[in-house]
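Right, one structure below, let's go through it.
The values are calculated or read from the model by the stated rules, or taken from the named source; none is laboratory data. None of these values were measured; they are calculated from a predicted model. In this analysis, Cβ positions are derived from the backbone assuming ideal geometry, glycine residues included, and neighbour counts consider all displayed protein chains.
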Amino acid sequence: MTGIARTLRAPAAVAVSLLAVTAAAPPAQAEPGPTAPGEFVDLRSVDPTVLTEMRYATAHTFMGERVDGYRQPVCLLTRPAARALHTAQRRLLRQGYSLKVYDCYRPQRAVDHFVRWAKDPDDQVMKGEFYPRVDKSRLFEDGYIAERSGHSRGSTVDLTLVKLPAAPTRPYVPGEDPVPCFAPRGERFPDNSVDMGTGFDCFDTLSHTDDPRVRGVQRTNRRFLKKTLTDLGFVNLPEEWWHFTYQPETFPDTYFDFPVSRGSVGGR
């Protein structure tokens, strides 16, 4: 065999050998992510008429960025909580209103993201809108941020009321000048909800459901939302007019960490 022949055959042999190894190796597969137990559903599969504005899937949050674990803007809840919202929605539609959800099930990784942000004193990009009167160093002590959230158990929802027909709302523009979340409705960030006195996720005592400073139509709207939901088994968190937990909870002691996506519930 000449030197040239040996030179040509050697790479060919290596290529054949690599081809054989590749053919024998099993195809690589992505690691499956955690999925929700069968008791969880996408709210839209139970009631597609409920309006959805999943804030944590956007940059319009108190951190100024999308929250970890929110892959799609979908509301996942335990089935009993979703069915109770469906009943509430049917009653409200007859009166010319709709529910609008801001947040539903929240994965533990999202809560961990909140905690990391709260421990960084230099990151105060959204202070002017969401916590203008609260020192960031007090967020844990004052109860605005915690290392666990009832949302992670799947039966808690943040929501409001919208007068029908629902008006369109403009998208949030990152970097826009902040306006305090407790400013008059015509001044704070526009929301097509009825006037509740503050915006969603407003870190301020004015967000307390029964704060005596909130009067008139704002107080009436809060009471209307609260009565509608408490009549169906939801319990309001007194510090947040938008926060309700359906009881009895399906998972009272379990904090889940599957992502917020349609795939987590497999079309349920």
Query - segment 149-199, subset crowded, with 17+ Cβ neighbours inside 10 Å and of a type in the set (Ser, Thr, Tyr), residue nearest to ARG222 (Cα to Cα) - result: THR160
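Could you check segment 252-265 and list, in sequence order, the residues that are over 14 Å from LEU43 (Cα atoms) and touching a Phe, Trp or Tyr at 6+ places or on another chain (Cβ under 9 Å)?
First pass over segment 252-265, keeping only residues over 14 Å from LEU43 (Cα atoms): 252-259.
Result: PHE256, PHE258, PRO259.
Just to be sure I understand, how many residues within segment 127-148 are of a type outside the set (Phe, Trp, Tyr) and over 19 Å from the mean Cα position of the chain (by Cα)? So that I can check it myself, show each step before the final result.
Here is the first cut: in segment 127-148, the ones of a type outside the set (Phe, Trp, Tyr) are 127-129, 132-139, 141-143, 145-148.
Retained after the next criterion (residues that are over 19 Å from the mean Cα position of the chain (by Cα)): 127-128, 132-139, 141-142.
Residues flagged as of a type outside the set (Phe, Trp, Tyr) and over 19 Å from the mean Cα position of the chain (by Cα) within segment 127-148 amount to 12.
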Requested in this report: For segment 218-267, enumerate the residues that are of a type in the set (Phe, Trp, Tyr) and either within 16 Å of VAL194 (Cβ to Cβ) or in contact with a helix residue (DSSP H, G or I) (Cβ under 6 Å, 6 or more places away or on another chain) (or both).
Outcome: PHE224, TRP241, TRP242, PHE244, TYR246, PHE251, TYR255, PHE256, PHE258
Requested in this report: Would you point out the residue of segment 207-233, among those that are under 14 Å from LEU161 (Cβ atoms) and in contact (Cβ under 8 Å) with a residue 24 or more places away in the chain, that is surrounded by the most Cβ atoms within 10 Å (Cβ to Cβ)?
Outcome: LEU225
Report task. Name every residue in segment 78-110 that is part of a loop (DSSP other than H, G, I, E, B) and either closer than 22 Å to GLY267 by Cα or in contact with a Lys or Arg (Cβ under 9 Å, 6 or more places away or on another chain) (or both), in order of residue number. Result -> GLY96, CYS104, TYR105, ARG106, PRO107
Report summary line: Counting only residues that are within 22 Å of PHE251 (Cα to Cα) and surrounded by fewer than 23 Cβ atoms within 10 Å (Cβ to Cβ), segment 89-109 contains a total of 4
Query raised in the report: Which of the residues belonging to segment 126-141 are part of a loop (DSSP other than H, G, I, E, B) and surrounded by fewer than 15 Cβ atoms within 10 Å (Cβ to Cβ)?
Result: ARG133, ASP135, PHE140, GLU141
Query raised in the report: Can you find a residue in segment 31-40 that is of a type in the set (Ser, Thr, Tyr) and either without any contact (Cβ under 8 Å) to a residue 24 or more places away in the chain or surrounded by fewer than 16 Cβ atoms within 10 Å (Cβ to Cβ) (or both)?
Result: yes
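In segment 111-125, which residue that is outside any loop (DSSP other than H, G, I, E, B) and touching a residue at least 24 places away in the same chain (Cβ under 8 Å) is nearest to the chain's Cα centre (by Cα)?
Within segment 111-125, the first condition is being outside any loop (DSSP other than H, G, I, E, B), and the residues that meet it are 111-118.
Now drop any that are not touching a residue at least 24 places away in the same chain (Cβ under 8 Å), which leaves 111-115, 117-118.
On the way: VAL111: 11, ASP112: 14, HIS113: 13, PHE114: 12, VAL115: 16, TRP117: 16, ALA118: 18 Å.
Applying the filter and picking the extreme gives VAL111.
Residues are listed down the side, and each one gets a yes or a no for (1) touching a residue at least 40 places away in the same chain (Cβ under 8 Å); (2) in a loop (DSSP other than H, G, I, E, B); (3) of a type outside the set (Phe, Trp, Tyr); (4) farther than 20 Å from TYR70 by Cα:
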site: GLY143; (1), (2), (3), (4): yes, yes, yes, yes
site: GLU147; (1), (2), (3), (4): no, yes, yes, no
site: ASP158; (1), (2), (3), (4): yes, no, yes, no
site: ALA167; (1), (2), (3), (4): no, yes, yes, yes
site: VAL173; (1), (2), (3), (4): no, yes, yes, no
Query raised in the report: In segment 35-73, which residues are among the aliphatic types (A, V, I, L, M) and either in a loop (DSSP other than H, G, I, E, B) or at pLDDT below 95 (or both)?
Result: ALA36, VAL50, MET54, ALA59, MET63, VAL67
